[in-house]
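The structure appears below as structure tokens.
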Amino acid sequence: MHPGTAPQPSQPLHLLQLTDTHLFADPLGEVYGIRTSESLARVLGQALASGPSPDALLLTGDVADDGSEAAYLRVRERLSPLGRPVYCVPGNHDEPRTMARVLGGGGFQVGGQASLGAWTLLLLDSHVPGEPHGRLGEAALARLEADLEAQADRHVLVAVHHPPVPLGSAWIDAMGLEDGEALLERLGRHPRACMVTSGHVHQAFAAPRARLQVFTSPSTCAQFAPGAADFELDVRPPGWRRWTLWPDGRIDTAVHWLDVDERPDRAGPA
């Protein structure tokens with residue numbers, strides 16, 4: 001963490017969640033007709049100009065679309081000047097080894113855990129090589145259980161690319177987190193506030209699950225239509241999620257969308 005940015009345990013923690021940036025080695029690369037590098041720049045500009053300054057940034061996967069070193073370097077170049085720690089998890093489009101090499105250290109962290117104020121962030125890797133769905137696996141779930149036991153006196157936010165619950169959209173739910181129920185079962189044993197936030201689905205979603213809360217965040221580029229049985233793009237613009245995590249375990253979170261006059265042009269097919 002950068003010096004001077006860590007909130008005290010008695011202070012709220014402000015996080016900015018960016019997800020599914022889908023950057024390419026080519027700065028002109030597009031996803032569904034949206035130039036992703038330009039879209040990220042506009043999202044970041046509006047997000048930082050509104051609301052409280054974030055204590056940290058959370059990137060919940062598909063940081064790169066092509067898994068290239070150049071794409072991850074662009075993320076580092078874009079976010080390093082902010083002087084805030086950046087916590088990352090890989091998505092299905094990412095190349096985890098390249099991501100960890102380029103975005104490990106120097107204010108960036110891929111995977112692992114971090115203590116921020118009264119909260120602990122647990123950063124999980126659900127990447128399955130060559131597949132759109134996610135899986136944690138028994139070894140990762142066992143490590144998670146041990147981490148949760150060690151954090152019994154702290155509130156926990158879990159970040160993982162693939163959401164652990166179905167969203168009611170058949171084509172998206174078919175490529176969710178295969179062992180999502182096992183993840184939620186372990187998190188449900190934690191004695192204090194606990195939640196999961198994900199990317200992958202290019203839309204905002206929130207649902208309680210017993211004592212847990214599960215969230216997803218919209219992409220910084222194109223969105224998928226909620227509830228669609230088959231692939232369908234939404235008309236919503238690029239977005240992001242903002243978090244305030246309070247010392248007593250309360251959370252405030254809201255999704256924000258890029259202003260109409262700031263939307264990147266859609267140059268390709270809808």
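Using a 10 Å cut-off around each Cβ, can you sort Arg97, Arg154, Arg143 from fewest to most neighbouring Cβ atoms?
Arg97, Arg143, Arg154
If you average the C-alpha positions of region 175-191 and of region 52-83 separately, how far apart do those two centres end up, in angstrom?
27 Å
How many angstrom separate the Cα center of region 160-174 from the Cα center of region 225-248?
Their Cα centres are 13 Å away from one another.
Which of Thr60, Leu15, Pro208 sits closest to the plus end of the dipole of region 13-262, meaning its Cα is farthest towards the positive end, when Lys and Arg get +1 and Asp and Glu get -1 on the C-beta?
So the residue furthest toward the plus end is Leu15.
With +1 on the Cβ of every Lys and Arg and -1 on the Cβ of every Asp and Glu, and nothing else charged, how large is the dipole of the chain about its Cα centre, in debye rounded to the nearest 20?
Working: 22 positive and 33 negative charges, 168 e Å.
Result for the chain is approximately 800 debye, rounded to the nearest 20.
Region 21-51 to region 124-148: how many Å between their Cα centroids?
Taking the Cα centre of each part, region 21-51 and region 124-148 sit 28 Å apart.
Restricting to bridges with both residues inside the chain, how much of the DSSP beta-bridge set is antiparallel, in percent to the nearest 5?
Of all bridge pairs located within the chain, approximately 50 percent are antiparallel.
Report the calculated FRET efficiency for Ser50 and Ala142 (r = Cβ-Cβ distance, R0 = 45 Å), to the nearest 0.05.
Details: r = 41 Å, r/R0 = 0.91.
Result of the calculation: an efficiency of 0.65.
Would you indicate which of (i) 19.4; (ii) 18.4; (iii) 24.7 is the value of Kirkwood radius over Cα pairs in Å derived from the coordinates of this structure?
(ii)
With each run of n ≥ 4 DSSP H residues scored as -39500 (n - 2.57), what mean residue ellipticity at 222 nm is computed for the chain after dividing by its residue count and rounding to the nearest 500 deg cm²/dmol?
Rounded to the nearest 500, the figure is -6000 deg cm²/dmol.
Could you give the DSSP H helices of the chain that reach 27 angstrom or more along their long axis (alpha carbon positions) and whose average Kyte-Doolittle hydropathy is no lower than -0.5?
Both cut-offs are met by no helix.
Here, each number is a calculation from the coordinates, and none is a lab measurement. Given the structure is predicted, the values throughout are model-derived calculations rather than measurements. We place every Cβ from the backbone using ideal geometry, glycine too, and count neighbours over all the protein chains shown.
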